[in-house]
Structures are given as C-alpha cells and as structure tokens.
Amino acid sequence: MLIKILSLIFLMSQSFQVKKLPLQDILIEEVMTFIKNQLISEIKPRQIKVFTGINWDYLLLPSVSKLLFEDINITNNFAPVGQVNRPGNKYEKHFICVHDTGDHNFGAFQWSEAVRKAKIGQRDYVASFQYVVGNDGYYHNIPDDEVAHHAGDGHTEESLFGLIPTGVYLNKKEISVNEKAKVEVDDEGYFTIDGERTKVKAPLNSTDNTLLTTKDINDLGIYYTLQVVEKNKIEYFLGRTWYNPVFQRISNYGGNFNSIGIEACINHDTDVYFTWQRVAKLVAKLMTENSLSIDAVVQHHYFSGKNCPQTTRTANLWDYFKSLVLAEYQMLYYKNLGYTFEFKSLSEKYLNDKGRVILKPEEPTTVHYTITVRDKNGNSLTKTYNSLLLSE
C-alpha cells in the first residue's frame, strides 16, 4: 500500500505526464495524432484588456494550433557579473516565474538592454530576469542557475525557498491524481491542511502585527509537498511564506533565489498571443532542462501578491496559457527523439507558416494548411487540415 501511495504522490507532484516510450514504440502516426489534437477547429476573436500603463482594448485572435511551429532562437545578452542586478549567486531552481512587462512600447531587445546596462535611459534599473520574450525575439539576460531580481520577495537569504514540517500526515489510502489539499489559515493564525491545524504559523500583518486570514493568501495558494518521514508515515511540508504589505497578500518565498524569471513583452500594437505562444515554448524547454513539472510554473503574483502577469490574469487565461505549455512540452519530447515538424499555410492571406492567424476575416473563412512529420530515419507523413476563422 505504501508503494501505491508513493506512486500516486509522484503523479500529483507532476500533474502532467509526457508520454515517454522508446522510439521504436512510437509510430509517426501517433505523433501526427498528437499534433491533430492540438488544432483548434474554430478560431473565435475575443476582446480583452491589455494593461500597459496606458490600457487598451485588444482583439485576441488565437492561432490554429496550440503549438507554435518555430524553433527557439535565443540571443544571449548577459548583464556583467557583479553588476547591481546580477550578483552571481547560484541556487537550485524550483519554479519558473512568468511576468508581463506591462509597458507601452518596449520590445524584448530594449528590456534586455535595460538589464544588461542596468539603465533605462539615464535612470538606474536594478531589476533583472533570466529571459525576456517578445515579437522581436527571445533574450537571455541572467544565467538560469543564478539569482535575478524579478519576484519582489527580497534579496537576502531570508527569502530562500525552504520546507517546514507541518505535523499533519496523509491519512488517505488512495489519492486522486488531480486532488489538491486546501491550505488555509485558522482563527488563531495557524495554517491548516484540509481543515487540520498544522504547527506552522502564518505570517502576521507586518504593518500592525495582527493575524491574517485565508482571504489574505495569494490567488495561487501556498506551496506544499508530501514526504515520507518514516515507514508508513507521509507528512505534509509547507513552503516558507511572507506577507507583502504593499499588495496585502501572504506569498511564497523562493521567487528571486529559486525561480527562473521570464518577462513577456505585453505592450501596445504587438501580437500579444504570439508572445504568449513563444513564452509557452520557452517554459516547456526550461521545464525539460530543469526536470520541473507544470505545477512549478507560477505567476509573479505567487511570490509577492502583485497583479502580474496582469493581462493574462485579468482575461482569466492563465490555465489556457498552461495548456499551451503542456502541448509544447510533449512536442519537445518528440523533437528530442528526432522528430521534426513542418507547417505550411495554404491560405497565406490569413495564416503564416508558424500556424499564426495574421488577419481577422470580414466574414467566416476556412483556412487550409498542411503539417508534415518526419522521423530520424527519413520517414515522413503529411496531412492537410483546416480551421474556421470566425469574424466575431
């Protein structure tokens, strides 16, 4: 029974399992079926609000696939070691932290230059992040294993990620893969797990030292994990937390020190959806390289309570963004097995060869495209698909 529980705990921690089989067991038809399942049959425009300081209405037009058919081409543009925004300290990474820039007109290159120079014009710029992604490319500013100043949870080792034993033990014989424990705060200021009090006190309101409540917890919740502490005993451990008086939320530590920060350039007159797809592709790459699950992909809000990435959060598209990441994650697995992919638009007025819709039609219009899958042995399979572009 312990083995069964442990295997279920592993599944819970992963949330998403890439289908990993030996190459000889994966048929090219199976890979094509996966790609087909990522296609969107009807593309419906949606009006959202984009937050850039000067907020504006944006017509969100999805691509015909959750997959973006392009290779990642990262430009290294590192800040000098020892500069104020690159201390050079190295720590294990437990998270990938997604932001949006929310400015009016800076592209990825301009933000990357701000980190490299620690300047915006004549003004000092002390923040930093590992990557910035926009319509103009992917830029790498701080090495993945180093500290960057992007999450708002502090620059001293007080803000390191860490685990605290709770004294609460798993008492279920079976666990659903998707079942999540509920972490709350009770009337005496202790964290609870599914209603059971832990021995871990929630932080106090740092402005007046009063007790905080469940409603003060950030939207994504408190980090927890399960560990075997002795035979047949599995204990909950909570991540270290703090209270941010600026945004008035109980938040998680580990942002600056233990996460890889990615800024998405969400700004005026750019293709916001295209940027989201590029960020999803980069997140999938970082998950693979750092052996992280989709549960490790979090918002800036998770570490500080800030409403960031604001455009994604306000449009309620965070879960959809994560579905793009998962699609790219599986696709990357196939690529690592030697598969290559080609997308060809047959409706070039509305659709490019990345699968990106580039023009909203005046009336419902069907677009056509081919997708080719090739394996490392030279075998190939090409199929034609179509999607309906709605005008409203």
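So for the stretch 239-341, Kirkwood radius off the Cα pairs, Stokes-Einstein at 37 °C and 0.692 mPa s: how many µm² s⁻¹?
The estimated diffusion coefficient comes to 219 µm²/s.
Using Cα-Cα distances under 8 Å and only pairs 6 or more residues apart, what relative contact order does the chain have, in percent?
23
For the chain, what are Rg and Dmax over the alpha carbons, in angstrom?
In order Rg, Dmax, the Cα atoms of the chain give 22.4, 68 Å.
Run the dipole for the stretch 95-169 about the Cα centre, Lys and Arg Cβ at +1, Asp and Glu Cβ at -1, nothing else charged, and hand back the magnitude in debye, nearest 20.
In total the dipole reaches around 240 debye.
Once fully extended, how much extra length lies between Ile72 and Thr156, figured as 0.36 nm per residue of separation less the alpha-carbon to alpha-carbon distance?
26.9 nm
For helix 28-37, report the angle its Cα long axis makes with the longest principal axis of the Cα atoms of the chain; keep it between 0 and 90° and round to the nearest 10°.
70
So how tilted is helix 2-14 from the main axis of the chain? Cα-based, degrees 0 to 90, rounded to 10.
Between the helix axis and the principal axis of the chain, the angle is about 60 degrees.
To the nearest 10 degrees, how steep is helix 108-117 against the longest Cα principal axis of the chain, on a 0 to 90 scale?
40
Can you work out the PRE-style zone for Asn37? Point 7 Å along Cα to Cβ, and I want the residues of the stretch 297-339 with backbone N under 20 Å.
It comes to 319-339, nothing else.
Please report, in debye to the nearest 20, how large the charge dipole of the chain is about its Cα centre when each Lys and Arg carries +1 at its beta carbon and each Asp and Glu carries -1 there.
In total the dipole reaches around 520 debye.
Using the Karplus curve 6.51 cos²θ - 1.76 cosθ + 1.60 with θ = phi - 60°, work out ³J(HN,Hα) for each residue of the stretch 155-167 in order, rounded to whole Hz, and write x for Gly and Pro.
10, 10, 5, 4, 9, 5, 5, x, 10, 10, x, 9, x
Which aspartates and glutamates, if any, have their Cα less than 16 Å from the Cα of Lys215, not counting same-chain residues under 8 positions apart?
Partners found: Glu184, Asp186, Asp187, Glu188, Asp194.
Taking Lys90 as the anchor, which aspartates and glutamates have their alpha carbon closer than 13 Å to its alpha carbon, excluding any fewer than eight residues away along the same chain?
Partners found: Asp144, Asp145, Glu146, Glu157.
Determine which aspartates and glutamates satisfy two conditions relative to Lys66: a Cα distance under 15 Å, and not lying fewer than 8 residues away in the same chain.
Reachable aspartates and glutamates: Glu42, Asp319, Glu328, Glu342, Asp353.
First check a/c for the stretch 168-276, with a ≥ b ≥ c the square roots of the eigenvalues of its C-alpha gyration tensor; if it is under 1.5, answer rounded, and if not, answer prolate when a/b is larger than b/c or oblate otherwise.
On the way: a/c = 2.41, a/b = 1.40, b/c = 1.73.
Oblate, since a/c reaches 1.5 and b/c is not below a/b.
No value in this document is a laboratory result; all are computed from the given coordinates. Just so it is clear, the model here is predicted, and its values are computed rather than measured. So basically every Cβ, Gly included, is an ideal-geometry build from the backbone, and we count neighbours across all protein chains shown.
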